[in-house]
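**Student:** Supplied in structure tokens, the structure appears directly below.
Just so it is clear, none of the values below were taken in a lab; they were calculated from the coordinates. Keep in mind it's a predicted model, so treat the numbers as computed, not measured. Here Cβ is always computed from backbone atoms with ideal geometry, including for glycine, and neighbour counts include all displayed protein chains.
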Amino acid sequence: METSLIKEELLAQQLQNAFENIVTEAVRKDTVFAYASKEQVSSILLYAKEKLGYKSLAHMSCIDWLESDEFELVYIIWSPETKLNLFVKTRIDRQNPEMENMDMIWRQLNTYQREIREMFGVEFPGFVGEKEFILEDWEDAPPMRRDFDTLEYVNDTFFEREGREDKQDVRERIAKRSGEEIPDFAKKYSRE
Amino acid sequence: MYNDKNAQTIVEYIQNFTRKNSLFMLAYGTGCGAIELPATLTSRYDAERLGVRGAATPRQADLLLITGYLSTKTLKRVIRVYEQMQDPKYVIGFGSCTINGGMYWDSYNTIKLLDKYIPVDVYINGCMPRPESVIAGFKELQSLIAAGKADGAAKYKENLEWYRENQKKVLKNWPLVEYNW
Amino acid sequence: MREKSTTLYLGPQHPGITGNMMVKLQLEGDTIVKATTHVGYLHRAFEKLIERRNWMQTTTILCRFCVPEPDPPEAAFALAVEQIEGREVPERGKYLRSLVLELARLQSFMLWYAGQSGSTGLYTVGQWSVGDRNYVLDLFEELTGGRIYHMYIWPGGVRRDIPEGFEDKVLRTMDYIEKRIDDYDRMMFDSAIFQKRAQGVGIITKEKAMEWGVVGAPLRGCGIGHDVRKDNPYDAYDKLDFEMGIFEGGDVWARARVRQFEIRQTISMIRQLIQNLPSGDYLNKMPNPMKWTIPAGSAYGKVESVRGEFGFHVVSDGSDKPRRVHARGPAYVHGVSLLEDVLIGQNLADVSFIMNSLGVCPPEIER
Amino acid sequence: MSFFDLKGIVRPLIGLSQFGKNPHTKRLDVLGKDTADRYRGFHYNDLEACIGCGNCSTICMNGAIDMVELAAEFNISQAKGNSGLRPRVDYGRCCWCALCVDVCPTGSLNLTKEYNYVSPDPNTFLWTPGVDNPYGKDQLSFVSTKETSLMTFDRVPMRELDGTERVKSFAEVVLGYNEEEARAEASRCISCGLCTEVCPDHMHIPEYINAIARGNDQDALRIIYDNNPLPEMCGKVCTRRCEDVCAIAVRGEAVAIRWLKRYATEQAQTADLIQEIVNPEIKEANGYKVGIIGAGPSGLTAAYYLALRGFDVTVFEAKQFAGGMTMYGIPKYRLPMDSLNKQVSYLQKIGVKIKFNTRVGKEISFDEIYKNHDAVFIGIGFEKPWKLGIPGEDLENAIPAVEYLRMINDGESYDVGKKVVVIGGGNVAIDGARVAARHDADVTILYRRRVEDMPADWEEIEGAEDEHVHIHPQAIPIRIIADKSGKKVKAIEYLEAEMIAEEGGRPRPVPIEGSETIMEVDTVIGAIGQEADYSFLTEEYADKIEVNRGRIVTNAQQQTSDAKVFAGGDAVNKTADAISAIADGFRAVKSIEAFLMKK
């Protein structure tokens, strides 16, 4: 497997040479990761687009890492020549999420940024685009954030059909029938 | 027959007979079940032989198909469309999603129980319902109409307050227009 | 004299619109000067729901991403998971996957025939092609147990082996459909109405295409030959003999020609797949689905759907549930910013015609 | 293109070619009756084959499947290993993905071809498969097979020493799972919990297996110690009735619950480590004293949990080591001595006092224990072997198996000679045979019934066969023949038997007349059962504590007819395995606590 990653290693090296303080990794066939700081992303994307031929933006994604209080933004770009996917990843502060507006590099980023702004609450200063994209009259927290509990919202807002209240839990029933007492610390390993 | 309290008068009978045999359904694909509608209406299943065919605008339509889940954003439009439709009007709910939320039961953006927001005359089982099921649904609706039991629209008018209350629970910031049907 | 400008809302309830979405048009006469798309009528929050589903359960919700063609999402997700996990797919599994993907492409092409011709008023083609599409759906029913939602492609292979006598049925159906396509073409492509409506309408220039991220048939209709099946071959596509349809012009006509060419390629591919179907396992089985964890990592799995590149960005944090599954459908690119741009200067009557040719599929945009 | 395009106008007329052809439109009366053989329609559940494990309910991402109790008329089995619940499907939720079918361990849940249902009433979409559509049985389409199931029906094989290698020493035969194997095996479990009811001790099996599957071995150990203080012993020699009712075992091999427990316990190699990992909460001393007779599984269990609850516990053990039958009755290739001693020394660390070499009735009187303690627990076990009841069994080389095993385990030597016969079919008999095989003897087991009737574990029987032990089923020994000196065994005579089926009972061996056979042997080892020795109970107590048919009579809380005296283990229950003894001990702890704290 390792021997076949020549193209990928080359791209990783090229980026490494062009930028300081970035970490690159040839992960697997057709895939290269570049971890950069928030400020570097636009110059890396421009460099890859203009100099290395990564002309096509495949994807932009946002991941909520609630545990470390960060959002991870991932730009996936693709080159028609080398046919590699380059992932440019950066992490931004979750409390005050802001990212550079880049819809002048690729027009489609406009759509992605609109969605991420709405779903995660990440702001893109200087970005023009209608505020409402998918949702309408949404007053709650941005729904794709991990601390937004969709089930709780559903229970508060919508109805559920009656007639299913007599359901039972198999494990509880067995424990009750046999007199087993499951200690509290073990319950997290019980079936959901 | 004439002693039966539920028996229809001749006029009602003729009315229902004509209504059931020309159901114009509104071309509004509200959800994924709409993908089986082309198949239902075209040559293999040919729902048109039951008198079911498309209508372009709400005011010409008798039948509103809620083809699966309804997001809250669409619900707003559906209510509007439904209220614009002229009597007699009927609603068919497609698939699991309209009955108890279906596979989007825990989604923050779809309603779960359709009958809390607009009256539904027939539910079709499936996710999504096959054309055969859809045709079975049409037939069921026709028999309900013939028996004079498809009275969803009347129910809606009677219980408008209750429906409005439920609708307002999910639809914020929307001045609900009163139509003079 | 300057005509007064009108604002027109096209959709969400409109017989011509491709699904449940809305385009707000600024018109001068019947020429569009500004178009704004409004989506979100079909937002079901898949990506939120997947946070609550484990890996196995995720595979069954995915096909609902895009209704006209439910298999590419399954395949793209499976590819991404396989990349993270390093799971190998048996050869037969790869072939069966490609077979399903091509059959899905075929039925989607037939639906496109109906939509594209229907929006010019040629309803007969729609009656034929949607009626005949049922024969492909019958094949699906036999293979996967469902007409529309198959839930057939799993990480590691496919769910069930093909039933007895299935190969023959596929070949017979292909013979029939191949014959019928010629009829559709005579009806549609030879029709003066269609030709006049399609030529020079909805032009995307070559330069713009790459810049705006156009994919699939619209890209190949601009004379640029990219296809995920050729560029980054997945499943069994590196062993198949097929060609991309590349046509110049960038208008609706060119895009229609691409599809006209590729539906025949698809039929030939299905024949090749059936003829070369290897024996052996069809699934590299995952462990107990309730305890199936995927090592931490991320991947972008992409396949070529009928409308273009369909990708999934899958992130795992090592637990039994995906951290993030983010879909990128071709309509996401075509249906929002590109559509707004292409519609400028077009006729009001051509809106649904252009939307059909771009393959705008709202459920895929808002998920 | 010219304005007048003739071709463009004429070609579409091709549509007329379809004129007069037979349409492919389906007639309304046949509509919906020709679905494919694999169609995913409504569910059908075979109510009898279903064990109510609830796996379908767990996998359903739509929360469509509830486990519910059905009406009495359906006669749903409430036996152990069957939850008595059956799935009910909400078709207002179902998406027909059929994952429930693919994870059903028994294969009772399948989908049918039926899919058509329309109704004006949304409350009628709640169906109990198999009840609401009994006709579904004949319309099965998307079915669960072993091949397509997502369950793993094959167990991760346990690595063992080779048969010829084994007989050379007393090294442990089973090598244990390594981490990778344990994770793979643990992940086969579906966490239904049906097994916990069958376990006499109701161990929290799904929880600790799940902990192992998730890589938290230490949590697993903590969960195990919640109600079993001798898990390492159980992990090696438990009779594991849990595996008999495992949901996976209906169609495949049960999850190796015992080996997984063993794996978890291997994470703590010393007593100190056990204490560090388990880190139990020890309550403040409450001043009550409890005396425990016999340091077998039941006694040690009672001692451990009483100590944790703040009681002052003293255990009186007649022998040099603790463990009772598990120490002296189980050969070391199954349960190494270090393993038991490690567990016992952990108990001692917690505060259990054990007085070794103190036989009650000899070194200390029962009266003294009774008077000096607030409560007494008797866990003396069965150490006196039953007699074979055939002539010649008092000869020098005729020895009971428990006695033989005790001598070997104690390090004494006993020469069995070249040819050995073991009488009996239980685990003790197999143990005796396999130990003798390790002393280079040619061993034959004589058993009255068939091999499949043997009460011993099948793994043990297979193990014995691997070690070239001959098993002679349907053989009834009638006498042991002495040699010329009249002291030693020379041969054994037995009758062949045939199995006669009896009405309502299991087949009974009936000797075949004239089939007497004589086999020359050097040693006869008898292993047909043991009994308790109650000689320590003086008359005064023998009256108070009721003994019936060799067993102490207790109530469900292990209390004897003397309120202050509790009992457990082999001397009380008939199942005669270590885990039942542990369960008795655990139950006794609760009732001793209730009894004393109430005062």
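**Student:** Quick one: Karplus J couplings for the range D:508-525, per residue in order, coefficients 6.51, -1.76, 1.60, θ = phi - 60°, nearest Hz, x for Gly and Pro?
**Tutor:** Taking θ as phi minus 60°, the curve returns 10, x, 10, x, 8, 5, x, 9, 4, 10, 10, 10, 7, 9, 9, 9, 10, 10 Hz for the range D:508-525.
**Student:** Something else now. Let me know the charge dipole size of the protein assembly as shown about its Cα centre in debye, to the nearest 20, where only the beta-carbon of Lys, Arg (+1) and Asp, Glu (-1) is charged.
**Tutor:** In debye, rounded to 20, the protein assembly as shown gives about 3160.
**Student:** Suppose each label sits 7 Å from its Cα in the direction of the beta carbon; what would the D:Q557-B:N21 distance come out to in nanometres?
**Tutor:** Between D:Q557 and B:N21, the simple spin-label model gives 8.1 nm.
**Student:** Using the Cα centre of the range D:385-531 as the reference point, and only Cβ charges (+1 on K/R, -1 on D/E), how large is the resulting charge dipole? Debye, rounded to the nearest 20.
**Tutor:** So the magnitude is around 480 debye.
**Student:** Okay, moving on. Charges on Cβ only, +1 for Lys and Arg, -1 for Asp and Glu, centred on the Cα centroid of the range D:153-279; of D:Q218, D:V278, D:C238, which one is farthest towards the dipole's positive end?
**Tutor:** The residue sitting most towards the positive pole is D:C238.
**Student:** Quick check on the range A:35-87: take the gyration tensor over C-alpha atoms, sort the square-rooted eigenvalues as a ≥ b ≥ c, and tell me if it's rounded (a/c under 1.5), prolate or oblate.
**Tutor:** Details: a/c = 3.45, a/b = 1.94, b/c = 1.78.
Because a/c hits 1.5 or more and a/b exceeds b/c, the range A:35-87 counts as prolate.
**Student:** Where is the GNM fluctuation largest for chain B (alpha-carbon springs, 10 angstrom cutoff): B:K89, B:K20, B:K149?
**Tutor:** Looking only at B:K89, B:K20, B:K149, the largest GNM fluctuation is found for B:K149.
**Student:** A further question follows. If I histogram all Cα-Cα distances within the range C:45-333 using bins 10 Å wide from 0, what percent of pairs lands in each bin?
**Tutor:** Once binned at 10 Å, the Cα pair distances of the range C:45-333 give 7, 28, 34, 22, 8, 1, 0.
**Student:** Using +1 at the Cβ of each Lys and Arg and -1 at the Cβ of each Asp and Glu in the range C:45-333, identify which of C:G311, C:Q107, C:Y176 lies farthest towards the dipole's positive end.
**Tutor:** Checking the options against the dipole of the range C:45-333, the answer is C:G311.
**Student:** Here is a further query. Out of the DSSP beta bridges found with both residues in the protein assembly as shown, what percent are antiparallel (nearest 5)?
**Tutor:** Numbers: 91 of 140 bridges.
Percent antiparallel among DSSP bridges in the protein assembly as shown is about 65.
**Student:** Can you give the mean number of other chain Cβ atoms that lie within 10 Å of the Cβ atoms in peptide D:539-551?
**Tutor:** 0
**Student:** Further, regarding this structure: Once the mean 1/r over all distinct Cα pairs of the protein assembly as shown is inverted, what Kirkwood radius in angstroms do you read off? Before the final figure, lay out each step's value.
**Tutor:** Working: mean 1/r = 0.0280 Å⁻¹.
Taking the inverse mean of 1/r over all distinct Cα pairs, the protein assembly as shown comes out at 35.7 Å.
**Student:** Next up: If R0 is 60 Å, what FRET efficiency do you get for A:S4 and B:K155 from their C-beta distance, rounded to 0.05?
**Tutor:** Computed FRET efficiency for A:S4 and B:K155: 0.35.
**Student:** OK, next. Under 18 Å from a point 7 Å along the Cα-to-Cβ line of B:R49: which residues of the range C:135-150 have their amide N that close?
**Tutor:** The answer is C:135.
**Student:** Give me the Kirkwood hydrodynamic radius of the range D:153-279 in Å, from all C-alpha pairs, to one decimal place?
**Tutor:** 14.9 Å
**Student:** Placing +1 on the Cβ of each Lys and Arg and -1 on the Cβ of each Asp and Glu in chain A, which of A:L109, A:I44, A:A12 has its Cα farthest towards the positive end of the resulting dipole?
**Tutor:** A:A12
**Student:** Another question about this same structure. Karplus couplings for the range D:411-424 from phi (6.51 cos²θ - 1.76 cosθ + 1.60, θ = phi - 60°), rounded to Hz, Gly and Pro as x?
**Tutor:** Calculated HN-Hα couplings, in order: x, 7, 9, 8, 8, 8, x, 8, 10, 10, 10, 10, 10, x Hz.
**Student:** Across the range C:200-205, in residue order, what do the Karplus-derived ³J(HN,Hα) couplings come to in whole Hz, using 6.51 cos²θ - 1.76 cosθ + 1.60 with θ = phi - 60° and x for Gly and Pro?
**Tutor:** x, 10, x, 7, 10, 7
**Student:** Let me ask another. For the pair C:K208/D:L6, report the inter-label distance in nm, with labels modelled 7 Å from Cα in the Cβ direction.
**Tutor:** Rounded to a tenth, the inter-label distance reads 3.9 nm.
**Student:** Ok, one more. Which distance in Å, rounded to a whole number, links the C-alpha centroids of the range D:281-319 and the range A:1-43?
**Tutor:** Each part reduced to its Cα centre gives a spacing of 64 Å.
**Student:** Loop-only GluC sites (Glu not before Pro) in the range A:22-81, please: DSSP not H, G, I, E or B, and at most 14 other Cβ atoms within 10 Å.
**Tutor:** A:E39, A:E67, A:E81
**Student:** Also, I was wondering about something else. Taking the Cα centre of chain D as origin, sum charge times position over the Cβ atoms of Lys and Arg (+1) and Asp and Glu (-1), and report the length of that vector in debye to the nearest 20.
**Tutor:** Result for chain D is approximately 1320 debye, rounded to the nearest 20.
**Student:** From Cα pairs below 8 angstrom and at least 6 apart in sequence, can you work out the relative contact order of the range A:1-134, rounded to a whole percent?
**Tutor:** Once normalised by length, the contact order is 18 percent.
**Student:** Roughly how many whole Å is it from the C-alpha centroid of the range D:226-274 to that of the range C:43-107?
**Tutor:** Comparing the Cα centres of the range D:226-274 and the range C:43-107, I get a distance of 38 Å.
**Student:** Would you calculate a helix-derived [θ] at 222 nm for chain D, using -39,500 (n - 2.57) for each DSSP H run of n ≥ 4 and dividing by the full residue count, to the nearest 500? Walk me through the numbers on the way to the answer.
**Tutor:** Working: 20 runs with 166 residues, N = 599.
That comes out to -7500 deg cm²/dmol.
**Student:** Between C:T7 and A:L151, what FRET efficiency follows from the Cβ-Cβ distance if R0 is 45 Å, with the result rounded to 0.05?
**Tutor:** Once rounded, the FRET efficiency stands at 0.70.
**Student:** From the square roots a ≥ b ≥ c of the eigenvalues of the alpha-carbon gyration tensor of the range C:84-197, which class results: rounded (a/c under 1.5), prolate (a/b over b/c), or oblate? Walk me through the numbers before you get to the answer.
**Tutor:** Details: a/c = 2.82, a/b = 2.13, b/c = 1.32.
Prolate shape, in that a/c is at least 1.5 and a/b is the bigger ratio.
**Student:** Further question on the same structure: If I require 27 Å or longer along the helix axis, counting alpha carbons, and a Kyte-Doolittle average no lower than 0.5, what helices from chain D are left? Use full DSSP H segments.
**Tutor:** D:578-598
**Student:** Once the convex hull of the C-alpha atoms of the range D:293-443 is built, how many Å³ does it hold per residue, rounded to a whole number?
**Tutor:** So the per-residue hull volume is 125 Å³.
**Student:** Another question, then. Beyond 45 Å, how much of the Cα-Cα pair distribution for chain D remains, as a whole percent? Don't jump to the answer; show the numbers that get you there.
**Tutor:** Working: 59166 of 179101 pairs.
Of all Cα-Cα distances in chain D, 33 percent exceed 45 Å.
**Student:** Where the centre of each part is set by its Cα atoms, how far does the range D:366-412 sit from the range D:545-562, in angstrom?
**Tutor:** First find each Cα centre; the distance between them is then 20 Å.
**Student:** Quote the FRET efficiency, to the nearest 0.05, computed for B:S143 versus C:R52 with a Förster distance R0 of 56 Å and r equal to the Cβ-Cβ distance.
**Tutor:** Once the sixth-power term is evaluated, E becomes 0.85.
**Student:** Along its three principal axes, how long is the range D:1-135 when you only count alpha carbons? Whole Å, largest extent first please.
**Tutor:** Taking max minus min along each principal axis of the Cα atoms, the range D:1-135 gives 84, 33, 29 Å.
**Student:** What does the structure give for A:135-141 when I average, per residue, the other chain Cβ atoms found within 10 Å of the residue Cβ?
**Tutor:** 6
**Student:** Hey, got the average number of other protein chain Cβ atoms within 10 angstrom for residues in D:470-479?
**Tutor:** Rounded to a whole number, the mean comes out at 0.
**Student:** Right, something else. In nanometres, what is the gap between the two model label sites at D:F19 and D:S515, each 7 Å from Cα along Cα-to-Cβ?
**Tutor:** Placing both labels 7 Å beyond Cα along the Cβ direction yields 9.1 nm.
**Student:** Please list the non-local residues whose amide H lies under 5 Å from the amide H of B:V52, H modeled 1.01 Å from N, same-chain partners needing a gap of 5 or more.
**Tutor:** When sequence neighbours closer than 5 places are left aside, the close amide H contacts are B:L23.
**Student:** For chain B, just say rounded, prolate or oblate: build the C-alpha gyration tensor, square-root its eigenvalues into a ≥ b ≥ c, call rounded for a/c under 1.5, and beyond that prolate if a/b exceeds b/c, oblate if not.
**Tutor:** Details: a/c = 1.75, a/b = 1.22, b/c = 1.44.
Here chain B falls in the oblate category.
**Student:** What is chain C's relative contact order, in percent, from Cα pairs under 8 angstrom and six or more apart in sequence? Present the calculation step by step, with values, prior to reporting the outcome.
**Tutor:** Numbers: 712 pairs, mean separation 99.8, N = 367.
Here the relative contact order equals 27 percent.
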